[in-house]
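Remarks on the structure that follows.
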Amino acid sequence: MLAVGLGNPGSTYRGTLHNVGADVVGLLASRHGVSLRPDRCHSISGEVSVTAHGDERRLALAFPQTYMNDSGRAVRLLVRRFGIDDLARLIIVHDELDLPVGTVKVKMGGGLAGHNGLRSIKAHLHSDEFARVRIGIGKPPGGKERGAEHVLRVPAKKTRAELDVSIQTAADAVELILAEGVTAAQNLFNAPRD
């Protein structure tokens, strides 16, 4: 499987709401002791082996170094490089305005929710039938900020703490997809919480 965390490259964007997908991929690399390195796919990437039910499973991790709006260019190359012939084996991890902060949901295919990174990926792959791990960042407060301004800001301390938990949860969701599939992850992470 291939897990791609969306975000914008460079220190200017580190820690912004739009980069939570990239943060998940970074966490997974750290959990499994791998450094992500520059590659020919306009990304930083690496591979890990995860034991699931006694089997070793390969998981490629990548963070495109194109800007968010051009993510598809890198993803198309990554899909080819890692031999992803079935897009169900591609997991895109991304921020989601339509989910409250702290929420993590798993989805297979479907709409793009106005997300430019997803739109670019669909355009380059000619399909939206890939798995998504969606991390809620909430809508702009009070309607004062437009969506673009909202996603590119560094969150307040309280929101950052909630997002840090979400990033851990999203990394767990990627590992569960690898181990047991999208449906198992949907059943666990999409269930209503009390």
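The values are calculated or read from the model by the stated rules, or taken from the named source; none is laboratory data. Keep in mind that what you see is a predicted model, and the values were worked out from it rather than measured. Backbone-built Cβ (ideal geometry, glycine too); neighbour counts: all protein chains shown.
Can you name every residue in the range 31-75 that is farther than 17 Å from Val93 by Cβ, in contact with a helix residue (DSSP H, G or I) (Cβ under 7 Å, 6 or more places away or on another chain) and part of a strand (DSSP E or B)? Ala52, Arg57, listed by residue number. For the range 1-38, a residue qualifies if it is surrounded by fewer than 23 Cβ atoms within 10 Å (Cβ to Cβ) and polar (S, T, N, Q), and the qualifying residues are Asn8, Ser11, Thr12, Thr16, Ser30, Ser35.
Of all the residues in the range 9-59, those that are in contact with a Gly (Cβ under 6 Å, 6 or more places away or on another chain) and of a type in the set (A, V, I, L, M, F, W, C) number 6. When you look at Leu97, is it touching a Gly at 6+ places or on another chain (Cβ under 7 Å), under 23 Å from Tyr67 (Cβ atoms) and either touching a residue at least 24 places away in the same chain (Cβ under 8 Å) or crowded, with 17+ Cβ neighbours inside 10 Å (or both), yes or no? Taking the combined requirement at face value, the residue satisfies it.
When Asn187 is tested against the conditions (1) touching a Gly at 6+ places or on another chain (Cβ under 7 Å); (2) assigned to a helix (DSSP H, G or I); (3) not β-branched (Val, Ile, Thr), the lone failure is (1).
Please tell me if Lys139 is within 16 Å of the chain's Cα centre (by Cα) and either at pLDDT 90 or above or assigned to a loop (DSSP other than H, G, I, E, B) (or both). So that I can check it myself, show each step before the final result.
Details: within 16 Å of the chain's Cα centre (by Cα): no; either at pLDDT 90 or above or assigned to a loop (DSSP other than H, G, I, E, B) (or both): yes.
Judged against the criteria, Lys139 is not a match.
Can you tell me how many residues in the range 157-194 are small (Gly, Ala, Ser), out of contact with any His (no Cβ under 8 Å at 6 or more places or on another chain) and farther than 19 Å from Gly7 by Cβ?
Filtering the range 157-194 down to residues small (Gly, Ala, Ser) leaves 161, 166, 170-171, 173, 179, 181, 184-185, 191.
The next check asks that each one be out of contact with any His (no Cβ under 8 Å at 6 or more places or on another chain); those that pass are 161, 166, 170-171, 173, 181, 184-185, 191.
If we keep only those that are farther than 19 Å from Gly7 by Cβ as well, we get 161, 181, 184-185, 191.
Of the residues in that region, 5 qualify.
How many of the residues in the range 75-86 are buried (at least 18 other Cβ atoms within 10 Å of the Cβ) and in contact (Cβ under 8 Å) with a residue 40 or more places away in the chain?
Adding up the residues that qualify gives 6.
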